[in-house]
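Undergrad: Got a structure for you, questions after.
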Amino acid sequence: MRTLEEAAFAGDEAAFADLAGRHRRELHVHCYRMLASFDDAEDAVQETLLRAWRGRDGYDGRTYFRAWLYRIATNVCLDVARRHARRQAASPGEMVWLQPYPDQLLDEIAPPDDQPDAVAVDRETIELAFLVAMQALPPRQRAALIARDVLGWSAHDTAELLGTSVPAANSALQRARATMQQRLPARRNDWSAPRPTAPERELLDRFIDAHERCDAAGAIAIAAEDIRISMPPDQLAFAGLDGLRPLLERAFGPDRDGDWRLVPTSANRLPAAASYLRRPGDSVFRAFKLDVLRISEGRIAEITTFGYSRFPAFGLPGTMTA
């Protein structure tokens, strides 16, 4: 009786879809790291699976099937990056294509068969700060860094992935590491945590409580002095408490647009809150925004605010009753 892999490469389309589909979620995260867009990553995975099916005759059987798919996915992402020619961004607010990644989808990723005890998605490599820094790299340096420092591939395998020599791949990696060291915030001890910690969840609860009570003082009390607020894709950014106060005044003041209800969630291994707004005269709270929080030293150091378009991916409803 033929194995699934034998059937897949003998032309059984259903068997091939089953075999490749087992890697779909991790390929999606790989493409997301390369492109920083949930939607672009979805398109890239679709193209990857299509190219894999059409090019199955080129699979030599000696390379791990998973590694073969990663090679195709990386080339697809390099093509996307070349087409978009996106400029470097200094903050999330400048990355109009940046989208959040739901933690429940990250939890679906199983460790590779040859690394059963591996952490499927390390927090440091999926945080928004990491993604923003990654977008400063030329695409091939980005791919080299992901292959070596995220996936743990060898120099030889990375060179094959990029279709180049080992010295050239190592050079790309060294340049990428240097750039990342310059652009990333100081490494925190909790970056290896797989999901938000208990103190972070407690601070998220305080964030939610302050917003639902429209308590500007309570919101300011949990914010860092140098807090940064970014709002992709609107390219809006605010810095410090002086930048936060006018936002709170508009959201919580007597002329506010309505009442708030917030739901705790998590994105990119960070605490997040989904906000719903009930406008005057309306009977329900409607999806409004998603705030992703970066917490440092017991204070909210950064808020990245997204629209509600990704609520379905988070399993969040479009409306809430009172």
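Any read-out appearing in this document is the output of simple, stated calculations on the displayed coordinates, not a laboratory observation. Because the structure is predicted, anything quoted here is derived from the model rather than measured. Cβ sites come from the backbone with ideal geometry, for glycine too, and all protein chains shown count toward neighbours.
Undergrad: Could you give me D for the range 126-185, from Stokes-Einstein at 37 °C and 0.692 mPa s, where the hydrodynamic radius is the Kirkwood radius over C-alpha pairs? Units µm² s⁻¹, please. Spell out each step's value before the answer.
TA: Details: Rh = 11.3 Å.
Answer, rounded: 290 µm²/s.
Undergrad: I would also like to ask the following. Output ³J(HN,Hα) for the range 265-271: one whole-Hz value per residue in order, computed from phi by the Karplus curve 6.51 cos²θ - 1.76 cosθ + 1.60 with θ = phi - 60°, and x for Gly and Pro.
TA: Running phi through 6.51 cos²θ - 1.76 cosθ + 1.60 with θ = phi - 60° gives 8, 8, 9, 6, 6, 10, x Hz.
Undergrad: Which order do the peptides 290-298, 195-203 come out in when sorted by mean C-beta neighbours inside 10 angstrom, highest first? Present the calculation step by step, with values, prior to reporting the outcome.
TA: Values: 290-298: 19.1, 195-203: 15.4.
Most protected by this proxy first, the peptides run 290-298, 195-203.
Undergrad: Relative contact order for the chain: what percent, with Cα pairs under 8 Å and sequence separation of 6 or more?
TA: Working: 486 pairs, mean separation 48.6, N = 322.
Relative contact order of the chain: 15 percent.
Undergrad: Please work out the FRET efficiency for the pair Ala237 and Ala322, using the Cβ-Cβ distance as r and a Förster radius of 51 Å; give the result to the nearest 0.05.
TA: 0.90
Undergrad: Which FRET efficiency, nearest 0.05, do Asp60 and Asp39 yield, Cβ-Cβ r, R0 30 Å?
TA: 0.35
Undergrad: Per the Kirkwood formula on distinct C-alpha pairs, the Rh of the chain is how many angstrom?
TA: So the Kirkwood estimate lands at 21.2 Å.
Undergrad: A follow-up question, please. In nanometres, what is the gap between the two model label sites at Gln104 and Thr164, each 7 Å from Cα along Cα-to-Cβ?
TA: 4.0
Undergrad: If I require 15 Å or longer along the helix axis, counting alpha carbons, and a Kyte-Doolittle average no lower than 0.5, what helices from the chain are left? Use full DSSP H segments. Kindly include the intermediate steps, with their values, before the conclusion.
TA: Details: long enough: 24-35 (16 Å, -0.71); 38-54 (24 Å, -0.68); 65-84 (29 Å, 0.01); 166-183 (26 Å, -0.65); 198-212 (21 Å, -0.85); 240-252 (18 Å, 0.11).
Span-like helices, by this rule, are absent here.
Undergrad: Could you list Met231, Met95 so that the one with the fewest beta carbons within 10 Å of its beta carbon is first and the one with the most is last?
TA: So the ranking, lowest neighbour count to highest, is Met231, Met95.
Undergrad: Could you work out the helix-only [θ] at 222 nm for the chain, with each DSSP H run of four or more residues adding -39,500 (n - 2.57) and the total divided by the number of residues, to the nearest 500 deg cm²/dmol?
TA: Helix-only estimate at 222 nm: -13500 deg cm²/dmol.
Undergrad: Which whole-angstrom value gives the distance between the alpha carbon centres of the range 1-59 and the range 248-321?
TA: 35
Undergrad: In Å and whole numbers, how far do the C-alpha atoms of the range 198-321 stretch along each principal axis, longest first?
TA: 38, 33, 29 Å, listed from the longest principal axis down.
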